[in-house]
């Protein structure tokens, strides 16, 4: 029977959210009460240039897990993740969670993100250039603000080629570059 409030919207948390190459990351998917009887499904958020993301089941995830947590081993690059859960007969699925990101400050040879001028000068200048470089033809600059909202350069700046130009009045947050196949290091601006 469905909860009176409608279809549950699970909450995904990631720990840690900042990693070094090779770190393990724990994903935890929380569904409101009653909490028993759920199977949990785990997805990677794959960048889609015509939309935000598509969701790809993590390896071995077709049957889900009884545990509400999932450990990723050997995290190397910035990536987003999503969860949902199911239970019952007939089968009932929750909504997908919001995307949560694991950010890497490490260098990815196939994708790099730089800020110009240097971050120490951010408060003395009026504009910033956020530059993507690497082995992809099309890039976008992403941001997660202090409230956890996800946006792209086109929401608060201007994307020209592989560079996003914005001003210092844009809200602070975590920024990075991504293409459909690569994600860069991230920077807290």
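Where a number appears in this text, it was derived from the coordinates with a stated rule and is not lab data. Bear in mind that the values here come from a model prediction, so they are computed numbers and not experimental data. Every residue, glycine among them, receives a Cβ derived from its backbone with ideal geometry; neighbour counts consider all protein chains shown.
Over the alpha-carbon set of region 1-70, divide Rg by the Kirkwood Rh and report the Rg/Rh ratio to two decimals. Intermediate values should be presented prior to the final figure.
Values: Rg = 14.3 Å, Rh = 14.1 Å.
Radius of gyration relative to Kirkwood radius: 1.01.
Using helices alone, what [θ] at 222 nm do you get for the chain, with -39,500 (n - 2.57) per DSSP H run of 4 or more residues, divided over all residues and rounded to the nearest 500? Walk me through the numbers before you get to the answer.
Working: 1 runs with 4 residues, N = 189.
The helix contribution divided over the chain gives -500 deg cm²/dmol.
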Exercise for review: Tell me the label-point distance for the pair residue 76, residue 129, using the 7 Å Cα-to-Cβ offset, in nm and rounded to one decimal.
Suggested key: 3.0 nm
Review point. Highest mean first, what order results for 158-165, 69-76 on Cβ atoms within 10 Å?
Key: 158-165, 69-76
Study note, to complete from the structure: At R0 = 22 Å the Cβ-Cβ FRET efficiency linking residue 91 and residue 54, nearest 0.05, sits at 0.50
Point to revise | Distance histogram in 5 Å bins (all Cα pairs of the chain, percent per bin) | key: 1, 8, 15, 18, 18, 14, 10, 7, 5, 3, 1, 0, 0
